[in-house]
Structures are given as structure tokens and as C-alpha cells.
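J.: Before I ask anything, let me first share the structure, which is written out below as C-alpha cells.
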2 protein chains.
Amino acid sequence: MSEPLRYLLNDDEVPTAWYNLVADLPAPPPPALHPGTLQPAGPDDFAPLFPMELIMQEVTTDRYVDIPGEVMDVYRLWRATPLHRARRLEAALGTPARIYYKYEGTSPAGSHKPNTAVPQAYYNAAAGVRKLTTETGAGQWGTALAFACQMFGLECEVWQVRASYDQKPYRRAMMQAFGAEVHPSPSDATEYGRSLLAADPDNPGSLGIAISEAVEVAAQDPEIRYALGSVLNHVLMHQTIIGEEALLQMAKAGDTPDLIIGCTGGGSNFAGLSFPFLREKLAGNMAPVVRAVEPAACPSLTRGVYAYDFGDTAGTTPLMKMHTLGHDFIPDPIHAGGLRYHGMSPLISHVYELGLIEAEAINQTDCFAAGVQFARTEGIVPAPEPTHALAATIAEALACRETGEEKVILTALCGHGMLDMAAYDRYFEGEMVDYDYPVEQVEAALSRIPQVPA
Amino acid sequence: MSEPLRYLLNDDEVPTAWYNLVADLPAPPPPALHPGTLQPAGPDDFAPLFPMELIMQEVTTDRYVDIPGEVMDVYRLWRATPLHRARRLEAALGTPARIYYKYEGTSPAGSHKPNTAVPQAYYNAAAGVRKLTTETGAGQWGTALAFACQMFGLECEVWQVRASYDQKPYRRAMMQAFGAEVHPSPSDATEYGRSLLAADPDNPGSLGIAISEAVEVAAQDPEIRYALGSVLNHVLMHQTIIGEEALLQMAKAGDTPDLIIGCTGGGSNFAGLSFPFLREKLAGNMAPVVRAVEPAACPSLTRGVYAYDFGDTAGTTPLMKMHTLGHDFIPDPIHAGGLRYHGMSPLISHVYELGLIEAEAINQTDCFAAGVQFARTEGIVPAPEPTHALAATIAEALACRETGEEKVILTALCGHGMLDMAAYDRYFEGEMVDYDYPVEQVEAALSRIPQVPA
């Protein structure tokens, strides 16, 4: 076994532009709508929350956007990330498939999130913003933004879902190590938070509540802006650095993917790896099947409706056309906190409607079984989120063992699980449960999405 | 700032031999002694615990030992590790010094420990051993050995100091993710453990107790052997892959170190980085000052005596001549659990006596302050152990700001702190304390070391 296990890139090989899939789609994605007028939302509707550079990236139809040198200088702290060939996993599975994984866990936050946190902090700093606010669940996004703000001299204030704040002190300490101020949400630092605490001092919080608090603070002060870690077009575009690197690395490996698999919550990691390959597919240069894997407890693509809905639970954002389970649907507490989002990125939803990608949903115990098998062969303990992609990858590889097909599978290992070991602990103790798909709760939530005339 | 931030090596540049400093020293280190006869210990004295290949590496005077291909094939999962230039830290300090750090946190265990765990597992598997036993404190070494055993089909049984077992479930879960069986120590799985529990069911354990349990199990079954994560010659030699890579990477950077700084507990990380540079120093090719930094609470080099002593608390190992605070000295509970060892590697102790290296001791709150400054500039949260080296590095760099000296400093960042965030939490909460050097406890412990005629 002396074949390469990793494919790296030299500094001068790292791509210097993000890719915008919108430029190559056969039809443009539906626009966001102002929730009051139901007319297409313009830049001014986003201006209280985001700097103009990011708003223009949100709506651009340019194929590429150059990565600023200041952003590259931070990316180069950990980029390019390695592309691994999973030879030991292949051997353990006895499969003729060739499995590659693009590993984002070598970043400062341990996940792909800094890929967008860094440019968001940069553009805000360039616009004279003093502080960024955001929400976080388990803490991956909050950690990434805290780090990014530190790189550009910005303050960072994070609202973390109280249940996670109390149960996962390690992630909170990481955010503090990177200089952020962290509140449990609901907090007494906002009007909305105080109203919730007055009604229920023990409110455990939710991502939607935390978003509302972070947005409330940002909207009140022109020196403060808000940052979102997934869902939006500009966030997905920043993540395409993953796929652009992987294209170069797969070429070094001398292989072309037949199947690309990524997990989806809001969709940024999946888009980051797959969109540059979709460009090549649309151009006829390769023909990979591209598959999104979501948790069975929160299956927005496979079970949700494609409709205009709010991005947050309180219903304060512009309306976005996306696959949704209803903006006030609260997913069961699976351990892949990063996948517990009621909707799917509008751009990914659109690509799914166009038939360019497929989707499946998997239960978390199957995902953790895959994660443990991966750890014991490849030496990396995956975060709960990418175990969804690994479970699908292993199933495909085992199918290849039956058929003899030498399928080339590329998957997105978007982060390590070192700060998620409590979830593994529950798995080993036999205390991890799967959740039935909550048909009634979703139907109820869907009955409350806004009615938008076709 | 478009200069390189990281220096990588291609697969074909990774060194394929470990370096044995003993071959180049002006005098050989004193031999280990049999504790009963006080005669030099021979291979047979170690045979119940280690396979013959490792015993021969322990005593060899060969300059290089080839790394087996099977070991290289595991190393290549993460090696070469990156050498970073700390440009952002330099800028924050306003120093003309050039700071480099060799980062071992990208390994499966998040530290340098797999560098020796992997060959130890390999040689044991080759000798027909079925299971390895070991002790672990915070869990870094246990995690590394669990991973390594998985790579070669060995079982792994770990005794973890009970206080850590209870307080740090994440590391325990990491070991389980890598397939190990983990006991809290003292345990009811050994005679020694049961005797301690009978006397005190709440015994919090110590590294010395855990060693005794792991050794007891290994000594009773020819299919079971024991593995040690530091201190011994062969362990230090396995770690020299760090320094061999760093030599090549410093050459790529076009710099030669004036000062090399590493933290020391048992000494394996420090030796791993510095020994290949000491070879170059002894050959007259460079002239770096080489400095070991130890915790003020456990200062074996700067405050201990140089004498024959036991490696474990129970007094069952061969006697080794080393800097020691007494084999039954129990260090205060500083957060750098990996540096809480009563002695120093005999080979490092010998090198210190020869005047080839220097040493200093630093308090943990100063170390954590350095760790936070490092995290906020370089984006990596360091483990508590290497914050000792970082504190000394930052102090040197600040001195250079005064003198204007463009000193080239190379330091060993032997692991990340993602599983040590509880310690950072205490630091941020202002609850971290420093400990006075325990003069009386050390004097008492030193009064109990064995009397060996000169």
C-alpha cells in the first residue's frame, strides 16, 4: 500500500475565485420576495443586515468572483485542505469502488464554516462595520465567525441556543478563545429574548429564536451587521473553494467522480463541494450523479414542499422559495445540530427542481455506525453531520462489492467530531434513538407558511 | 502579506528513517539498572513488556533506523505535518523575530503521540502480540495507541486515571471510537487496582497507579504487551520524524533556527523536534540554542536531582538515571496533564548534563495567556502542554522587539486544545490558579528514591 493517501495543493495552486452556479443554470432561481409587498426583494431590503458587497454577491450572475487578497491571506492558514483517498475504508469494505473525501476539518474551527466566515468578516470590516452578530446552535458557525472577526479586528457577538450553551461548554470556550462574546439564547440582551424569558425563564431556545435576537441587535445600529452561515447564495458561493480545489486534486489523482455525496442542512457544505462539479457536468466534461443526504428527522428536500417561506422562525426575513418543512417546525434533537434547519438553500432547492441533483434521508444511528467505521479505518472521527454522507457512501461502496463496479465516489467530510464526542458517547452507550418522521408536526407547520400567489 | 504561511512536504519528501541521537553524543547515556541487582538491565529484563524489535531499538547505537513501509503507510494518513510561519503572531507582537511552529495537531489523535504509537503497534503485531495495554491521563496517549492498534488489528486496553475518566468523557469516547476498552484506574480488573479500591473506593487514581495496572495485565500473558508513550529511547527516536521533516521545511523557508523551544513532560515531543537539529549542531552545520520548557509545578529539569529512580510510582520498573522529583511525587493538578511526570527522559537528562540544551519553568496562567494570544492570531487553539513552549517563544520575541534582533525561533506545537477547552473555560472564568513549587513534598519524595552507589 504505497499509493498516495492524500492529494495536496501548493500555495500557488489554490484557486483564487469563487464560482457562481447561477451563471450556468438553464433557468434563474426565483427571486426572494419582500414579506409585506410580495414583490422581489431589492438590495435595500437587505441593507440593514449585510454590507453592499455581500448583497451584490447575493444577486450577481457573474460566473466567477475574485477572492480578495486579504481573504486569501487568511485562507492560506489552512487551505488548500487535503483530498484523501480512503484506501483503508475501501479495503475494510472489500469494495472495488474508489472513495475520495475532501476534508475540511483542518480549518481553525474544525469545519468548512470559516470559508464563508472569513470573507463575510472581511467585507464587513471593509465597509466600516464594527461588530458582527450571529446565531449558533452547537457552535460550529459561531466558532468560525469568532475566528474570522478576530482576523479583521471586528467584535463578534454570538447568540447560542441555550440548550447547547449549557450542554456544550467546549464550543462556547472555543468562541471565547477566539474573542467572541457569547449569550445563551433567549437572552436578556434583546427585547425579543426578554419577552420570551418573561413568559418562560427556562426556555431552551432554538436556532430561529437566536437568529431573531442577532438580527434585532444588528438592525438597530449602523455599525453592527449580521452574518449568516448557510442558505444564502453568497454563502454557498464562498464555499465553492472546496469544490474548486477538489477538481484540481481529483485531476492529480487521475480520477473523475461518478457519484458526489454531501450532507445537507442549510446546504452550504454540499454546494461548496458539488457546484464546481455541476459546472463541469453542465459543460459536458463529466457526468457525476450528485446526491444530497439529509437527516430522516429533518428531510426538507425529500419530504418538504417547494414554496415561499421565511428563513427564520419568527417570520422576519424576506421570503425565499425553497424546500421547507415550515418555518416554525422544530426538528427533533438529533445530534447533527448543523442539519436541523427547517428549509433548504433556495439555490439548492432550485437545482433539485431542475433535476440536476438527487436526495435521500438517513437515520442518525445508521449515520453514527458509518462514522465509527470510518474513524476506525481512516483515523478521523467525523462530525455527526458528515456521517450522513459517509453512511450513503458506504452503502454505495457495498453495492459496488456486489456488482463489481469500480465506481469513483467523492464525498464531503466537512468537519471532525472532536467536539461532538458526547454524541458518540451516547451512541456507544446504546442511548441514541432514531425519530419517526413527524408527519403531523410538519403538516401543522406547513399550514402556517405564507400564502404567495403563483 | 502574500508570503508563505505554511511549508508542506510531498509524499516522496517525507523522511523514511528515524534518528538516534545516541550515535552522535560525545558520551553514552548511563544504562538502565535492574532494581534488584543494580546491574545494567539487559534485553531479558524488558522482554515481558516489550517485543524484541523495540528492545533492540531501545539500546541501539545505530545512527538511523529505517521506518518500516507498513508504518510509513499509516504515517502518510497525516504526515508530513505542516511547518507554519507565525506571521500574524509576529505582527501582533511587533517583533523582528521570525517565528516558526511545527504543528502535530493534524494527526488522528490531535497530537504527536501517534508517531510512536503506530510503530509500537506495528512491531508488536509483527511479533504475534494480540493486545496492548497502556495507561493514560487526560487521554492523548490512550487515544493515539487505540488508533494505532486499530491500524494493525490489535486489541487495546487502556487504564485512564479515574479523575480524568470522570471529568473528560470526550477523550474516553475518542478511545472507544478507535475501538479501545477503557477502564477507570484504579480498576477492579487488576489485583493492584482491587487492593487500592478495597482501601479507598473513591481513590482518584494517578498515572503511576494506571501504569502499574497496565503492566500487571501485560506481564501475565505472553500474548499481551505494554506500550509507553514517552520517556524511553525508542519512543523519543520514533518522534524524530518531526524534526527530520522540520529540517527540510526550514530549508524550504530559507531560514536556520537560532532558538528551538519545546515543552517537556516525559520529553518525547521536545526530543522529536530538537534531536535532528542537535545532530546538525554537533556536526557544526548550525548553532541553535535548544530549550526545554517545563511547568513550574513539575520542574524535573530545573529543580530535580539527577539520579537513578523508578519510572513508575509503585517502583516496579528498571532504574533509570534521570532528572527526577522522586517517583512517588504527585504533581499538583495543572491542566497540562501531559507534563505531570515526576521524571525526565534519561536521554534528555543526559543531554542536559552534557550542556547541549537549556531549561526553564513557567506557571500555567502565563502559559494560557500565551495560548489565547496564539489562538487569536494564528487560528489554532493550542493544547495546554505546548502553551509552555509558546509562552517562552512569545517572551523571546518580545525581547527581540527591544533589541531589534531578527532571531529565528522554531517551536513545537505538539497538539491542539479542542479537547482541553474546559481548561480554557476555567482560565476565562478567572478560576485557574498557579501552584507554588512544592519544596517539602519534593524533598520528601526525593528521600525515598533508591540509593545507588556511584
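J.: Taking the Cα centre of the protein assembly as shown as origin, sum charge times position over the Cβ atoms of Lys and Arg (+1) and Asp and Glu (-1), and report the length of that vector in debye to the nearest 20.
T.: Dipole about the Cα centre, nearest 20: 1100 debye.
J.: Of all the C-alpha pairs in the protein assembly as shown, what % are more than 40 Å from each other?
T.: In whole percent, the long-distance tail amounts to 38.
J.: Once the dipole of chain B is set up with Lys and Arg at +1 and Asp and Glu at -1 on Cβ about the Cα centre, which of B:128, B:338, B:75 lies farthest towards its positive end?
T.: Value computed over the given set: B:75.
J.: How much of the DSSP beta bridge set in the protein assembly as shown is antiparallel, as a percent to the nearest 5?
T.: Around 35 percent antiparallel, to the nearest 5.
J.: Kirkwood hydrodynamic radius, chain A, all distinct C-alpha pairs: what's the number in Å?
T.: It works out to 21.9 Å.
J.: Which FRET efficiency value, to the nearest 0.05, do you get for residue A:220 and residue B:64 by plugging their Cβ-Cβ distance into 1/(1 + (r/R0)^6) with R0 = 51 Å?
T.: For residue A:220 and residue B:64, the calculated efficiency is 0.20.
J.: For the range A:215-360, what does the convex hull of the Cα positions come to per residue, in cubic angstrom?
T.: 125
J.: Less than 20 Å apart at the alpha-carbon level, and either on another chain or at least 8 residues along: which lysines does that give for residue B:168?
T.: Straight-line reach from residue B:168, under 20 Å: A:168, B:113.
J.: Positive end of the charge dipole of the range B:324-445 (Lys, Arg +1 and Asp, Glu -1 on Cβ, about the Cα centre): tell me which of B:363, B:427, B:386 has its Cα farthest that way.
T.: Value: B:386.
J.: A follow-up question, please. Evaluate the charge dipole of chain B about its Cα centre and quote only its size in Debye, nearest 20, assuming +1 on the Cβ of each Lys and Arg and -1 on the Cβ of each Asp and Glu.
T.: Using only the charged Cβ atoms, the result is roughly 780 debye.
J.: Grab the eigenvalues of the alpha-carbon gyration tensor for the range A:82-160, scale each by 5, take roots, and send me the semi-axes largest first in whole angstrom.
T.: One finds semi-axes of 36, 13, 8 Å for the range A:82-160.
J.: With the Cα gyration tensor of the range A:3-149 in hand, give its eigenvalues times 5 under a square root as the equivalent ellipsoid semi-axes, listed largest first in whole angstrom.
T.: Equivalent ellipsoid of the range A:3-149: 33, 20, 16 Å, largest first.
J.: What Cys residues in the protein assembly as shown have no fellow cysteine's beta-carbon under 4.7 angstrom?
T.: Isolated Cys, the protein assembly as shown: A:263, A:298, A:367, A:400, A:414, B:263, B:298, B:367, B:400, B:414.
J.: Treating the angle as unsigned and between 0 and 90°, give the value, to the nearest 10°, between the Cα long axis of helix A:233-253 and the longest Cα principal axis of chain A.
T.: The helix A:233-253 is inclined about 10 degrees to chain A.
J.: Give me A:437, A:100, B:341 sorted ascending by neighbouring Cβ count inside 10 Å, so fewest comes first.
T.: The most exposed by this proxy come first: A:437, A:100, B:341.
J.: Quick one: net charge around residue B:424, please, counting Lys, Arg +1 and Asp, Glu -1 for every other residue with C-beta under 13 Å from its C-beta.
T.: 0
J.: In deg cm²/dmol and to the nearest 500, what is the mean residue ellipticity at 222 nm of chain B if only DSSP H runs of at least 4 residues count, each as -39500 (n - 2.57), divided by the residue total?
T.: -12000 deg cm²/dmol
J.: Near the axis that takes chain A to chain B, which A residue has its beta carbon closest, and at how many Å?
T.: A:418, 2
J.: Could you work out the local net charge near residue B:134, counting Lys and Arg as +1, Asp and Glu as -1, over the other residues with Cβ closer than 13 Å to its Cβ?
T.: With Lys, Arg at +1 and Asp, Glu at -1, the net is -4.
J.: Now a separate question. Among A:374, B:59, A:40, which residue has its Cα positioned farthest towards the positive end of the charge dipole of the protein assembly as shown, with +1 placed on the Cβ of Lys and Arg, -1 on the Cβ of Asp and Glu, and the dipole taken about the Cα centre?
T.: B:59
J.: Give, as ranges by residue number, the residues of the range B:200-220 whose backbone N falls under 20 Å from the point 7 Å along Cα→Cβ of residue B:191.
T.: Label zone hits: B:200, B:208-220.
J.: So, one more: Find, among the chymotrypsin sites (Phe, Trp or Tyr not before Pro) in the range A:273-326, those assigned to loop by DSSP (not H, G, I, E, B) with at most 13 other beta-carbon atoms within 10 angstrom.
T.: none
J.: Assume the label is 7 Å from Cα along Cα to beta carbon: what separations in nm does residue A:448 have to the matching positions in the other copies?
T.: 6.5
J.: Straight-line reach from residue A:281: which lysines have Cα under 23 Å away, leaving out those fewer than 8 places along the same chain?
T.: Of all the lysines, those that pass the test against residue A:281 - Cα under 23 Å, at least 8 places apart if same chain - are A:102, A:252, A:407.
J.: With both partners inside chain B, how many of the DSSP beta bridges are antiparallel, as a percent to the nearest 5?
T.: Antiparallel bridges: around 35 percent, rounded to the nearest 5.
J.: Quick one: give the max-minus-min coordinate of the C-alpha atoms of the range A:148-244 along each principal axis, largest first, in Å.
T.: 48, 31, 25
J.: Still on this structure, I have one more. Give me the net charge of residue B:230's neighbourhood, meaning all other residues with Cβ under 12 Å from the Cβ of residue B:230; Lys, Arg count +1, Asp, Glu -1.
T.: That works out to 0.
J.: Taking the range A:279-386, how much of its Cα-Cα pair set, in percent, is spaced more than 17 angstrom apart?
T.: Distances greater than 17 Å cover 60 percent of the Cα pairs.
J.: Over the residues of the range B:1-69, compute the C-alpha Rg and express it relative to 2.2 N^0.38 Å.
T.: Cα-based Rg divided by the globular estimate yields 1.67.
J.: Oh, and also: In nm, what does the list of distances from residue A:24 to its counterparts in the other copies look like, shortest first, when each label sits 7 Å along Cα to Cβ?
T.: Relative to the other copies, residue A:24 has label-point distances of 5.2 nm.
J.: Which of the trypsin sites (Lys or Arg not before Pro) found in the range A:78-168 are loop residues per DSSP with 15 or fewer other Cβ atoms within 10 Å of their Cβ?
T.: A:130
J.: What value does the range B:368-415 have for Rg/Rh, both radii from Cα atoms and Rh as Kirkwood defines it?
T.: 0.98
J.: Hey, fewest Cβ within 10 Å first, where do B:374, B:50 land in order?
T.: Going from least to most buried by this count: B:50, B:374.
Any read-out appearing in this document is the output of simple, stated calculations on the displayed coordinates, not a laboratory observation. Keep in mind it's a predicted model, so treat the numbers as computed, not measured. All Cβ positions, glycine included, derive from the backbone under ideal geometry; neighbour counts span all protein chains shown.
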